[in-house]
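Data block below; observations after.
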Amino acid sequence: KEVLDLFNMKQHVNEKTHKHSHTLDLLITREDDTVCNLSVEDTDISDHFNVDFCLNADKPKNPTNTIQFRKLRNITS
């Protein structure tokens, strides 16, 4: 398997992003995130192309930990 598949990720840019016909600029998200209106444009400002997109992504929930404890005064030996 590829590394992105192992981490449930997806690469969205599938065209050249550099003047020398290479894909150097990437957009990698979680597999279930939604990317819309992806466009790659040569703006002649740089040798890299402009990658424009809309990303609808939910912030992952923080994991919760349950901590149990006993009061030291209630421990009998």
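With contacts taken as Cα pairs under 8 Å and at least 6 residues apart, the chain reaches a relative contact order of 22 percent. Listed by chain and number, the aspartates and glutamates placed with their C-alpha closer than 18 angstrom to that of Lys10 are Glu2, Asp25, Glu31, Asp32, Asp33, Asp52, Asp58; residues fewer than eight positions away on the same chain are left out.
Using the heavy atoms of the protein chains and a 1.4 angstrom probe, tell me the accessible area per residue for segment 1-52 in square angstrom. Provide the component values of the computation, followed by the final result.
Working: 3880 Å² over 52 residues.
Per residue, segment 1-52 has 75 Å² of solvent-accessible surface.
Placing one equal scatterer on every Cα of the chain and applying the Debye formula, the log10 ratio I(q)/I(0) at q = 0.15, 0.16 Å⁻¹ is -0.68, -0.74. The magnitude of the dipole of the chain, with charges of +1 and -1 set on the Cβ of Lys/Arg and Asp/Glu and taken from the Cα centre, is near 1180 debye.
With a simple spin-label model that places each label point 7 Å from the Cα along the Cα-to-Cβ direction, the separation between Gln11 and Asp32 comes to 2.4 nm.
What 222 nm value per residue comes from the helices of the chain, counting each DSSP H run with n ≥ 4 as -39,500 (n - 2.57) and dividing by all residues, nearest 500 deg cm²/dmol? Don't skip to the end; give the middle numbers.
On the way: 1 runs with 4 residues, N = 77.
Computed mean residue ellipticity for the chain: -500 deg cm²/dmol.
Gain on full extension, evaluated as 0.36 nm per residue between Arg70 and Thr23 minus their Cα-Cα distance, stands at 11.1 nm. When the solvent-accessible area of the chain is split by element, carbon and sulfur atoms take up 48 percent of it, the probe being 1.4 Å.
The values are calculated or read from the model by the stated rules, or taken from the named source; none is laboratory data. None of these values were measured; they are calculated from a predicted model. Glycine also receives a Cβ, built like all others from the backbone with ideal geometry; neighbour counts cover every protein chain displayed. For accessibility, only protein heavy atoms count, side chains too; no ligands or nucleic acids. Shrake-Rupley method; radii C 1.70, N 1.55, O 1.52, S 1.80 Å.
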